[in-house]
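These notes are about the structure you will find just below.
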Amino acid sequence: HGVDFAYLGEEEPYSGALLYEFGLMDEFAEHANKVSRLFKERKVRKVIVTSPHALEAFRVLYPKFVEGLDIEVLHFTEAILRSKENIPMALKEPLEITLHDPCHLARTLDMAEEPREILSRVKNLVLKEVPYSNKRWTTCCGAPIEVLLPSLSDPLAARRIQELASSGAGTALTLCAFCLANLRKGAKGRSLKVMDFAELLDKATEAK
């Protein structure tokens, strides 16, 4: 999509988002400063992420814990939309999809339109919104509670799958690895297919 980027290889760091979400503030602060020092040493000025948790950590939390932080943080959908190269995207066969908005992306970061803008560029694709529970009103997939209360995680995933299926689409997309894993568990035995957003874009780019 015309976005020039690189990886740090074996040095590629984890954002530490779960440390913050589990209330381990001292550990998160230490980790955030360690990662920030690595970015500075490697002359990293811009970070592109796929995870909403990482986006929140780098964009919202790091500035509160790291003094003098100087990096630009983009979600990969933002990077694609900012690219000057408008790469054609099309699916080989018509497909109706619905979109599961991750909580951290749609609520905390107020990013619901960017994914939809990209989907509107894909030929042979029809977006069918989940009635009522979409964008900032999205329903949790149940993954965040899996560690503390696993008995609630599966029922929440099953309920969300039922909501996604009510859209009438045969495929549900999400932009979060946690949501993807938990919704796929919830979709077992059902006809609704759950895909990663980037996976669909890959197919649409290859099919052009």
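The values are calculated or read from the model by the stated rules, or taken from the named source; none is laboratory data. Quick caveat: nothing in here was measured; it's all calculated off a predicted structure. Here Cβ is always computed from backbone atoms with ideal geometry, including for glycine, and neighbour counts include all displayed protein chains. Just the protein is used for accessible areas: all its heavy atoms, side chains included, with ligands, DNA and RNA removed. Shrake-Rupley method; radii C 1.70, N 1.55, O 1.52, S 1.80 Å.
Here is how the numbers come out for the structure above:
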{"item": "DSSP loop GluC sites (Glu not before Pro) with at most 16 other Cβ within 10 Å excluded, longest remaining stretch of the chain", "result": "130-208"}
{"item": "CD proxy at 222 nm, helix term only [per DSSP H run n ≥ 4: -39500 (n - 2.57); per residue of the chain; nearest 500]", "result": "-11000 deg cm²/dmol"}
{"item": "Gain on full stretching of the segment that runs from Lys135 to Arg37 - 0.36 nm per residue minus C-alpha separation", "result": "31.8 nm"}
{"item": "C-alpha center-to-center spacing [the stretch 63-86, the stretch 108-129] in angstrom", "result": "19"}
{"item": "Cα-based equivalent ellipsoid of the chain: semi-axis lengths in Å, sorted from largest, via gyration tensor", "result": "30, 23, 13"}
{"item": "Apportionment of accessible area to carbon and sulfur, the stretch 86-208, percent (1.4 Å)", "result": "55"}
{"item": "Cut-off of 10 Å, at most 15 other beta carbons, DSSP loop: longest stretch of the chain lacking such chymotrypsin sites (Phe, Trp or Tyr not before Pro)", "result": "23-131"}
{"item": "Environment charge at Thr138 (Cβ cut-off 14 Å; Lys +1, Arg +1, Asp -1, Glu -1)", "result": "+1"}
{"item": "Kyte-Doolittle mean at least 0.0, axial Cα span of 15 Å or more - DSSP H helices of the chain", "result": "none"}
{"item": "Simple Cβ-charge dipole of the chain, Lys/Arg +1 and Asp/Glu -1, about Cα centre, in debye nearest 20", "result": "580"}
{"item": "Residue-normalised accessible area of the chain, given per residue in Å² at a 1.4 Å probe", "result": "56"}
{"item": "Rounded if a/c under 1.5, otherwise prolate or oblate - the stretch 1-77, Cα gyration tensor axes", "result": "prolate"}
